[in-house]
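One structure is given below, encoded as structure tokens.
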Amino acid sequence: MKRRLAISIGLLSCSIVAFQVALMQILSGCQWNHFAYMVISVAMLGFGASGTALAFLKKYLVQKIGTTLALLMIFTSISIMGTLFLSRTVFGGFDSYLVFYEKRQYLNLVCSYFMLFVPFFLGASAIGLAYSHYALDIGRLYFADLAGSGTGGLLMLLLLWVVSPSQAPFVIACLPLAAGLLIFPSGRKTVAEKTGFLTLALLALVLLFTGLLNPPLLPSSQYKSLSRTLLLPDARVVETKNSPYGQLKRVSAPALRYAPGLSLSYNGVVPVTEAIFNNGDWMGPLVPVPGKRTKDTLDLKGAPDREDAPETEHFLDYSTQALPYVMGTPKKVFVADAATGWQAVYALSREAEAIIAVEPNSAAVGMVSRHMNFPKDRIRFVAGHSRYYLQKDDRYDLILLPEAGSFGGSSGILALEEQYLFTLDAFSLLWDRLSPGGMIAVTLWMDQPPRSTLKMLATMVVTAESRKVENPADHIVAVRSWSTITLVLSKSKVSSSTIEKIRTFCHTRQFDPLLYPGIRPREREEYNVLQDTSLFLATDLIFTRERETLFREYDFQIRPATDSRPYFSQFLKLGRLSKMRDVFGSASMPFLEVGYLIVLLTMVQIVLSSFLFIVLPLIFRKVPGKGKAGLLVFFSGIGIGYMLAEMVFIQQFTLFFGSPLYAASAVLSAMLFFSGTGSAFSHKLITGSPRLRLVAGLTGMLLALLALCLPALMRVAIGSPLVVKVLFCALVIGPPAFLMGMMFPSAIRAIRPVNEGSLIPWAWAVNGSFSVISTALAAVISVEAGYQAVMWMAAATYLIAGISTRFRLFSIFV
Amino acid sequence: MARVLTYALTLLLVASALPVLPGSQSGRGGQDYARRRSAMVRDQIVARGVTHRATLQAMRSVERHLFVDPALRSRAYEDNPLPIGYGQTISQPFIVAYMTSLLGLKPEHRVLEIGTGSGYQAAVLAMMADSVYTMEIVKELASGAKKRLQDLGYSNIEVVTGDGYYGLPGKAPFHAIVVTAAAEHIPPPLIEQLCEGGKMVIPVGSQFMVQNLILVEKKKGRITTENLMPVRFVPFTREDTR
């Protein structure tokens, strides 16, 4: 039974993690991305709430422990599938974009929370019940739990390539169903028991086959970019590709005509009629390859005879993106995070001879390459991490960075996205990869009040200064249209002949220069007038000693991002919230800069929910035993510390491996494998509270050491082959993870004899809740103080947990 | 067990109290829409600095509540946009007024609107101009707006179903053009259809928050844009640093 139980727990844990990943994909595709994070966090509180339920109901549930565990697992399977079948209520009834405008959306939101909470609650209840009833065997069970969780993440990496997000939960639901059947007691049953069991099994199977053969259609919010594009006449999805990066859709829409910030003097056609969307969000346009313009791509319904643009001109010549090609004739071009490759196509039209376009989303690279048919002798479109690719010692005449922001503002949607191409460390690397006359170019959407432009400019200026450039103003050019601005950092000084070309370019396109050497103030607003002079004033200050004052006093965060705090799009300063709320109003605020606020809101929400559903009921129930404060500190400490360390490892190894997906896989696998091993050995190695204290102290010291040395160690190993890197990852993560894995099962064994194990569900609830809280906490600390501070905090929590083991309850070990 | 029940009942009571929190009431019978419209103009539009008399008059006259879903009528005069389906919203009253005031319309003017939506902006424009042509690419929205405007007796508005990118060359030139549908670029044909001295206004932002407005003007063949924020927000002044 024990071996079968361990296998069942492994299968169940695997399904819970896999379902969490699937939900993230589904919610990102259907709703505003911010809410995916918020909803999942609350759903994960099912872990904490299960502990509360067990504290109340354990004595009833253990009477037929085998049947109860099996039923909980089967119900987990049914609820996973049920969530999808009720998707009209869960994902369709609720529209995250309307939550600030329609009061009834609150009810829908609560309904969504509840529906998503149920599978996690049921699954976690089964695990918690097994832990508390079979506490002596906790090492083996905890190992199975961790191993299963690790496998769940890896399973989804494979599964999402072959099935759609709406099908994935039905595959996942097989696991808890199998787990339940595996441990269902085979002894004598009453007729009622047999009938009940058969009915349940049948229901699960019917749901399973229905879902797999005919997966429910997941309704998307009408405000997602994809939904709105599909409303255009004759718009249709022509290709779909599933991947762990998201669900890609290639859409054809004759009325699309994407041309960001096009000059008002352009009078030709815009031949862009196709675009790619990832999880329902805009990814990029498919700009036709020069010379490949066919009758189809120019079929503009209802268009008067307007094809009078000269054949040699490209429509993007009339955008600010043309600036680097006005300044020079780059032959070797690197396009970082190329998305759909449109910047590479434009470089091709400007006669670049060798173009390397790197995009991390390998599914998108495949889709674009298949469709676009790039000339292979001139464009290499490869899947990979741009920063990683740039480590190779090569030189480029032009490095193009991806567009920053989006039309009409991104509502701070990228605030917590790590943008490693827009950090000071990245710009130093880019500078080193430029040929003597090389340029770095980036185009941003103009935002009001100005923030992204200023942050990008500050990044360029500080980079130039760090590279001993005497006067950065001689190396930077910026030109703006009514909606976009392109900034160019040139390795060599901008010559007077180039300045003349820039002036002509601006004049013919009706653009305004913001920066070039020797610019006069009146040149800055000839065609596109701004409401106030904030942009000009701040731009000039960035080049002066008053820059620090500007960073401090400006109402938005415009200090350059670094690898330790890689949040280029995080502009919100918490201290200025009330000023902005007064000006923009509470209802509009979420659409100005919401990303960071959502994390804070999530944290508050989780803390309140934890209190309401976990702490309060337990206070009512009066958990037996004295001095539970020590236990609370211990179990919350190890819950927080573990998750904080895990999140720092994932962040640090993303750059190391050059892929967030591989980094997450490697880190999670290593963490869970070594923690599981630690857990399996815990009963032999930890026989009393002094040893538990020693392990906690050692863990804290190891994490502190890593906070100090990890970046330096990584710099040494970053150029190594993949096998060496994986070994390095295992060597770094292994020792602390092994020690961390021993803490939870050891402490559970320690408290098992107290009041017949009645404290175990409580400990399970506390540990689960604080693990969830810490994910939001890690995001907040890393934004405010950087990742190193997160690691220091992880170390501190383990040290504090160690101190708390001086408490009397820990003295009883079995 | 009694404690559990007490706790559950407490939760239930808290939950049942939620729908009666301030602001969650769904409607009071016999609302005085004219009074609320007047308050809307005073508190949301004039208070924010829009003083163009004809615009204010139009905003007082057009019955905004008839342009939203019946379920949302009680909220028609609130200071925010409201959903109208198909991924669209009816703009915040202040934004409608601000955009209209920027156009400087006269009774003899001919106006083109791209993105009819509910038809509310067209109705406001029609109060101040000779004729309004409004184009909507989503058929369902276009037919809904056409019927609504006909029923309300707006005889100087023509709703055209179709792609607004090419404007209406047959009806050009226009004294003013309003592009309420989000546009990453300004369609060149629309600029051509703007008459000398004409103005075009384009809101930039999401459906739920207009961050800034682009005012395009055509004077002596020269085209200029002005970027206007609907709110006064200066993130930094030199004096602050000293």
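Computed from the coordinates by the stated procedures, all read-outs in this text should not be read as laboratory data. It should be emphasised that the depicted structure is a prediction, and the values quoted were computed from it without experimental measurement. Glycine gets a Cβ as well: all are built from the backbone with ideal geometry, and neighbour counts include every protein chain shown.
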To the nearest 0.05, the calculated FRET efficiency linking A:K684 and A:N267 through their beta-carbon distance, R0 being 60 Å, is 0.15
Placing each pseudo-label 7 Å from Cα in the direction of the beta carbon, A:N755 and A:S428 end up separated by a distance in nanometres of 5.5 nm
Quick note on A:L146, A:L514, ordering by fewest other C-beta atoms within 10 Å, gives A:L514, A:L146
Computed over chain A, the relative contact order (Cα-Cα under 8 Å, seq sep at least six) in percent reads 15 percent
A chain fully extended from A:S497 to A:V716 at 0.36 nm per residue, minus the present Cα-Cα distance, gains in nm 74.5 nm
Taking a ≥ b ≥ c as the square roots of the Cα gyration tensor eigenvalues, with a/c under 1.5 meaning rounded and otherwise prolate when a/b beats b/c or oblate if not, the protein assembly as shown comes out prolate
For segment A:649-737, shape from the Cα gyration tensor axes a ≥ b ≥ c, cut at a/c of 1.5 then a/b versus b/c, turns out prolate
The helix A:362-372 Cα axis meets the longest alpha-carbon principal axis of chain A at an angle in degrees, between 0 and 90 and rounded to 10, of 40 degrees
Segment A:360-383 scanned against label point 7 Å out from A:D394 along Cα→C-beta; backbone N under 15 Å for A:360, A:376-383
Dividing the mean separation of Cα pairs under 8 Å (6+ apart) by the residue count of segment A:1-219 yields a relative contact order in percent of 42 percent
Length gained, A:E417-A:R4, 0.36 nm per residue minus C-alpha separation, equals 144.5 nm
Rounded to the nearest 10 degrees, the helix A:787-804 long axis (Cα) sits at an angle to the longest Cα principal axis of chain A of 10 degrees
Exposed GluC sites (Glu not before Pro) being those in a DSSP loop with at most 10 other Cβ atoms within 10 Å, the longest stretch of chain A free of them is A:471-814
With the 8 Å Cα cutoff and a minimum separation of six or more residues, segment A:225-285 has a relative contact order in percent of 34 percent
Total charge of the residues flanking B:K199 in space, meaning their Cβ is under 9 Å from its Cβ, with Lys and Arg +1 and Asp and Glu -1, is 0
So for R0 = 30 Å, FRET eff. of B:K220-A:R520 from the Cβ-Cβ r, to 0.05, ends up at 0.80
To the nearest 0.05, the calculated FRET efficiency linking A:L601 and B:Q57 through their beta-carbon distance, R0 being 45 Å, is 0.60
Toy charge model, Lys and Arg Cβ at +1, Asp and Glu Cβ at -1: chain A dipole around Cα centroid in debye, rounded to 20, equals 3120 debye
Output ordering of A:706-713, A:215-222 (per-residue mean of other Cβ within 10 Å, highest first) is A:215-222, A:706-713
Two pseudo-spin positions, 7 Å from Cα along C-beta at B:D32 and at B:K171, lie apart in nanometres by 3.8 nm
Note: A:475-487 gets an average of partner chain Cβ contacts (10 Å, Cβ to Cβ) equal to 2
Row for segment A:417-508, column shape: gyration tensor on C-alpha, a ≥ b ≥ c, rounded if a/c < 1.5 i.e. under 1.5, prolate if a/b over b/c, else oblate; value oblate
For chain A, longest principal axis from Cα atoms; helix A:629-657 axis from its Cα atoms; angle between them, nearest 10 degrees, is 40 degrees
If the chain between A:S435 and A:V191 were fully extended at 0.36 nm per residue, the gain over the current Cα-Cα distance would be 79.7 nm
Dividing the helical contributions, -39500 (n - 2.57) per DSSP H run of n ≥ 4, by the residues of chain A yields a 222 nm value, nearest 500 deg cm²/dmol, of -18000 deg cm²/dmol
Most exposed first, judged by fewest Cβ atoms within 10 angstrom, A:R250, A:R350, A:R395, A:R522 run A:R522, A:R395, A:R350, A:R250
Going from the fewest other Cβ atoms within 10 Å to the most, one would list A:T699, A:T453, A:T52 as A:T453, A:T52, A:T699
Simple spin-label estimate for A:V238/A:L212, 7 Å along Cα→Cβ, in nm, reads 3.4 nm
